[in-house]
Amino acid sequence: MLAARRGEPPVARYDGYTSCPVVTAHNRMLLAEFDYTLTPRPTFPFIDTMRPRYDMYLLKRYGLPQLYWHGLLRGRA
């Protein structure tokens, strides 16, 4: 946005990555991550995030709110 305000071409490009936390049980969640072409784009390649997991539930419950409120909204992520 700053480059556009200066009349310069953008320096970054959005590739369409998105993640959808899907709660599957009381304390289980899977993290569906993909791009515009629906190609899987896992953030954690060593963890199977497409299988319902307790640790993914903990990430959604405690980690993602901290990242959102203290990282994304303040421009740190």
Checklist line | Top-ranked residue of segment 19-42 - restricted to ones that are surrounded by 11 or more Cβ atoms within 10 Å (Cβ to Cβ) and among the hydroxyl-bearing types (Ser, Thr, Tyr), ranked as modelled with the highest pLDDT | finding: THR24
Next item on the list: Only residues in segment 36-55 that are assigned to a helix (DSSP H, G or I) count as the first member; pair them with residues that are of a type outside the set (Gly, Ala, Ser), Cβ under 7 angstrom, at least 6 apart or cross-chain, and list the lot.
Entry: TYR54/ASN27; TYR54/ARG28
Checklist line | Hits in segment 12-35 (condition: out of contact with any Cys (no Cβ under 7 Å at 6 or more places or on another chain) and free of Cβ contacts under 8 Å to residues at least 24 places away in the same chain) | finding: ALA12, ARG13, TYR14, ASP15, GLY16, THR18, CYS20, VAL22, HIS26, GLU33, PHE34, ASP35
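The values are calculated or read from the model by the stated rules, or taken from the named source; none is laboratory data. Just so you know, these numbers come straight off a predicted model, no measurement behind them. Glycine also receives a Cβ, built like all others from the backbone with ideal geometry; neighbour counts cover every protein chain displayed.
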